[in-house]
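Please treat every number below as a calculation from the coordinates, not as lab data. As the structure is a prediction and not an experimental result, all values here were calculated from the model. A quick note on method: Cβ atoms are made from the backbone with ideal geometry, for glycine too, and the neighbour counts reach across all protein chains shown.
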């Protein structure tokens, strides 16, 4: 019997997060104060973030120690996660390529998001914060933060994009089981939400609007801080445990990936999976290629402008230099709700701009084609977001087949699709375009 999983013990789990900022090909443009349009003073962020996370946002160290309490929480969330080979998919495709996927779906919350939610909840708890408020698209981030707040004894409030609130009721209920309050966004609980509803009572919502509502709530309550599931540097940092584990697992296999793939909304699972390897690439220690995949209806990286823009719709957040479709962009209500963001993380954007990362986009129907093929081959139903990475992996495997090349392809299996079956039902019934 040949094992298809490469595992690590708890003792082998990385004890530090990797910070890519010092290794970037050029300095990251500073975030700007939304009022003055000048580089933001870190103290200005203390109204919404704890000091520990602000320090990480601006950190210049290559590695940052993971607190013991967070490492313990990571084990609760099923870290270290396996690196698994998709043998049956390879056979189905008749490709000489090897396909590997990192199992971030095994977290109790169902996705990679717990890697930062647990860290953020910990740092807030240590500074005496009582409640966290956030936004969520498909619900994976909201679920992860709800779990983390329950773990560290904090209250949690979530503004969930209305399109997903309606499409994915069971993910909403998971948040409530973990103790969170969940509101459809736009809501009538905030001034900005009321403004959006006045324009359109049936507004489908967007991550930008939900962020604005969460930020407004945090600013008004001295016992509440804001928590973000993607985009910012400290979030990317926490996710790098994925790539660091993957490095150790490929070392055990005595192999090195030719391609590393991740889907991109804000960019956190892509960054977490690839940044440790990208750091090696920037030091000319690897020739691995990196592919970022997004939906064609939200083409931030493939069609957006590289410029300063707000992270939210109301213009409350700092201005970030990133690829963006404009902060007032409202995407189609596709099933990959976690990819419906108007911009991409500044770090990921810079790596696309400097051609370290290649962005591509796919249509929803072809993504679900790939998802169903993967499920029938490997038995695991992927989230619609994750399925974008699967589609790219399949395309690269078929390209290797044409050229008869024994490429090694790895992608981040960022979350399962067991709470996305409404989308699969639409696909199976032939009603998806």
Item to check | Beta bridge orientation in the chain: antiparallel %, DSSP, nearest 5 | outcome: 35 percent
Checklist outcome for this item: Quick calc: nm separation of the 7 Å Cα→Cβ label points for residue 399 and residue 9 -> 4.0 nm
Next on the checklist: Taking the beta-carbon count within 10 Å as an exposure proxy, list 275, 159, 329 from fewest neighbours to most.
Outcome noted: 329, 275, 159
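Among 386, 217, which comes first, second and so on when ranked by fewest other beta-carbon atoms within 10 Å?
217, 386
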Checklist entry - Spin-label point model (7 Å from Cα, Cβ direction): what's the residue 252 to residue 194 distance in nm? => result 5.6 nm
Checklist outcome for this item: Taking a crude spin-label model, label points 7 Å out from Cα along the C-beta direction, the residue 2 to residue 170 distance in nm is 3.4 nm
Checklist entry - For residue 61 and residue 177 in one chain, what is 0.36 nm times their gap in residues minus the Cα-Cα distance, to one decimal in nm? => result 37.9 nm
Next on the checklist: Could you list 322, 76, 13 so that the one with the fewest beta carbons within 10 Å of its beta carbon is first and the one with the most is last?
Outcome noted: 76, 13, 322
Item to check | FRET efficiency for residue 47 and residue 353, using Cβ-Cβ distance with R0 set to 30 Å, rounded to 0.05 | outcome: 0.45
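With all distinct Cα pairs included, what does the Kirkwood hydrodynamic radius of the chain come out to in Å, to one decimal, could you say?
Roughly 21.3 Å, rounded to one decimal.
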Checklist entry - Hey, what angle do you get for helix 241-253 against the long axis of the chain, alpha-carbon based, 0 to 90 degrees rounded to 10? => result 10 degrees
Checklist entry - Taking the highest mean first, how do the peptides 106-114, 120-128, 355-363, 3-11 order by number of other beta carbon atoms within 10 angstrom per residue? => result 106-114, 120-128, 355-363, 3-11
Checklist entry - Pairing the Cα long axis of helix 268-282 with the longest principal axis of the chain, what angle in degrees results, from 0 to 90 and rounded to the nearest 10? => result 60 degrees
Next on the checklist: Relative contact order of the chain, please, whole-number percent, based on alpha carbon pairs below 8 angstrom and at least 6 residues apart.
Outcome noted: 20 percent
Item to check | Sequence ranges 43-51, 313-321, 201-209, 398-406, ranked by mean other-Cβ count within 10 angstrom, highest first | outcome: 201-209, 313-321, 43-51, 398-406
Next on the checklist: Going by average Cβ density within 10 Å per residue, which order do the peptides 254-261, 140-147, 290-297 take, highest to lowest?
Outcome noted: 140-147, 290-297, 254-261
Next on the checklist: Restricting to DSSP H runs of at least four residues, report the calculated mean residue ellipticity at 222 nm for the chain, -39500 (n - 2.57) per run over all residues, nearest 500 deg cm²/dmol.
Outcome noted: -12000 deg cm²/dmol
